[in-house]
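Chemist: Following this message is one structure expressed as structure tokens.
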Amino acid sequence: MKYLVMVQGSEADYEAMVGRGSAGSPAWDKTQLKTMFEHMNAINTEVTAKGEMLDAQGLAAPSKTRFVTVDGEGRPVVTDGPYAETKEVLAGYWLLDCASLDRVTEIAAQVARCPVPPGSPEYAVVIRPVDETGPSQD
């Protein structure tokens, strides 16, 4: 079964990773960044070797976000950047094909154990099954 495994973050976390810490998100140093990337790359290597990896991507900072809606006449309305009240955003994901929910939960637990600087915010790792039922054939 396919699962989307998502990690969350905030604009402050992205700033902290480039050395600009804040009250709720301490600055990362180069060693901490290297350790984090090594941890994530080890997960990628494992799930790839087991044939479970379909895709994985880290996402750009929330400040690069673009929201597209339509107005009453169907014309696009574009807003750049996240809304000020946005606390958490999708920071990255894995699309995995795993034999069971237990297996994907093991992988999510590995992701959750990613080393971060002391005092960093903690985010749950989110697992969402991919709905592969397709459109109704009524």
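Chemist: All but one of (1) under 27 Å from residue 131 (Cα atoms); (2) out of contact with any Pro (no Cβ under 6 Å at 6 or more places or on another chain); (3) modelled with pLDDT of 85 or more hold for residue 61, so report the exception by its number.
Modeler: (1)
Chemist: While we're on this one: So the check is Cβ under 9 Å with 6+ separation or different chains; which pairs have a first residue in the range 43-55 that's closer than 14 Å to residue 130 by Cβ and surrounded by 11 or more Cβ atoms within 10 Å (Cβ to Cβ) and a second one that's modelled with pLDDT under 95 and not hydroxyl-bearing (Ser, Thr, Tyr)?
Modeler: none
Chemist: Determine, yes or no, whether residue 89 is modelled with pLDDT under 95 and in contact with a Pro (Cβ under 8 Å, 6 or more places away or on another chain). Full working, then the answer.
Modeler: Details: modelled with pLDDT under 95: yes; in contact with a Pro (Cβ under 8 Å, 6 or more places away or on another chain): yes.
Here the answer is yes, as residue 89 does meet what is asked.
Chemist: Taking residue 16 as the residue in question, decide whether it is part of a helix (DSSP H, G or I), aliphatic (A, V, I, L, M) and without any contact (Cβ under 8 Å) to a residue 24 or more places away in the chain.
Modeler: Criteria not met by residue 16.
The values are calculated or read from the model by the stated rules, or taken from the named source; none is laboratory data. It should be emphasised that the depicted structure is a prediction, and the values quoted were computed from it without experimental measurement. Every residue, glycine as well, gets a Cβ built from its backbone with ideal geometry; the counts of neighbours run over all protein chains shown.
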